[in-house]
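Heads up: the structure comes next, in structure tokens.
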Amino acid sequence: MPIISPSILAADFANLQRDVEMLNNSNADWIHIDIMDGVFVPNISFGIPVTKAINKHASKPLDVHLMIENPENYVEQFKKAGAEYISVHYEACKHLHRNLQQIKSLDCKAGVAINPHTNVSLLEDTINEIDLVCVMSVNPGFGGQKFIENTYAKVSKLKEIILKNNASTLIEIDGGVNAENARPLLDAGADALVAGSFVFNSSNPTDTIQMLKSV
Ligand code: DX5
Ligand code: ZN
């Protein structure tokens, strides 16, 4: 069964406690936290105090996706705010190997997110250091965008790299995930699915999470 990580970006920010409690009582596995700095991506979401506030109510692991420049300056604060998984962007890291070591030294799971234009082969030399690859299936910055079809090919290729290197890396898909693409993504090798608008814009988010869990 896939890991389901609903993205809080699509929640009602004026009712975060209510929405986090809904996730606590659902079959969601993780809670996906999208951090945008207005520099790495053309949008600003929220930061450390809001992550802390979410963590105060959350009973599930926080899966923090840092869409920010210089992530090394902030990972420790996100760990303190409750992060269990911290993903940095490949495109934002000059010294990715060092970033991964830093995240692990904080006792967090180390993730790497890759933009749609970034070839998965670029991760081959660090794959054994990576706990989670977050494959962006939209251009990061906004919820509610259309899923990019080339993602299937990327996931299959990444899965091959993971198997070839005997790595235990999980593959997460982020952006435009819905009931139609969930099954083919899992068949291609995905382990975890992020879903924002598909969950929170549905009439019954709890049922929608269960539907994704059992596709
Ligand atoms: C996009 C974010 C995603 C986003 C997904 O920059 O990283 O996590 O919240 O939202 P949907 O599922 O609406 O594409
Ligand atoms: Zn995300």
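The values are calculated or read from the model by the stated rules, or taken from the named source; none is laboratory data. What you see is a predicted model, and the numbers here were worked out from it, not measured in a lab. Here the Cβ positions follow ideal geometry from the backbone for every residue, glycine too, while neighbour counts run over all protein chains shown. Please note that ligands, DNA and RNA were not included when accessible areas were found on the heavy atoms of the full protein model with its side chains. Shrake-Rupley method; radii C 1.70, N 1.55, O 1.52, S 1.80 Å.
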Here the chain gives, from Cα atoms, an Rg and Dmax in Å of 15.7, 46
Whole number in Å², please: accessible area per residue of the chain, 1.4 Å probe, ligands, DNA and RNA not counted.
44
Portion, in percent, of the accessible area of region 3-213 that falls on carbon or sulfur, probe 1.4 Å:
47
Using alpha carbon coordinates only, what is the Rg to Rh ratio of region 1-53, with Rh defined as the Kirkwood radius?
1.00
Antiparallel bridges, percent of DSSP beta bridges restricted to the chain (to nearest 5):
5
Sequence-distant or interchain residues sharing an amide H contact under 5 Å with A195, placed H: which?
S5, S7
Please tell me the relative contact order of region 3-213 in percent, rounded to the nearest whole number, where contacts are Cα pairs under 8 Å and at least six residues apart.
21
For region 92-166, report the % of Cα-Cα distances exceeding 18 Å.
43
Please give the Cα centre distance for region 40-104 versus region 195-209, rounded to the nearest Å.
24
Identify all lysines with a Cα-Cα distance to K104 below 25 Å; exclude those on the same chain that are fewer than 8 residues away in sequence.
K52, K56, K60, K79, K80, K94, K159, K164
Could you sort the peptides 176-186, 203-213 by per-residue average Cβ neighbour count (10 Å cutoff), highest mean leading?
176-186, 203-213
Report P(r) for region 31-102: all Cα-Cα distances, bin width 10 Å, range 0 to the bin holding the largest distance, values in whole percent.
21, 55, 22, 1
